[in-house]
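Contents: one structure, followed by commentary.
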């Protein structure tokens, strides 16, 4: 009887650990989404500050292009991160044809 109780406890603990890992992945995905969304906006804000001072219009142009590039590449990375998070949760059909660009105001 002690062995079956031990087995039950191990299975319960294993389930809790996997739930905890799923929660960590979900939280990291949420943080990643926020950061990927905020980063291009921060670059655009910096470009606007430089433009407002009238300094270095060439740098402003580069920063605006950089923000667009980061927004596009961020979408790509986030799509893969969501895919792998779904796989980690046991969703074997993790591929998605959804357009994620609305996440980045594209």
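We did not get these values from a lab; they are worked out from the coordinates using the rules stated. Note that this is a predicted model, so its numbers are computed, not measured.
Extension gain for the segment residue 24 to residue 39, taken as residue separation times 0.36 nm less the Cα-Cα distance, is 3.2 nm to one decimal.
Kirkwood hydrodynamic radius computed over region 45-91 comes to 12.6 Å, based on all pairs of distinct alpha carbons.
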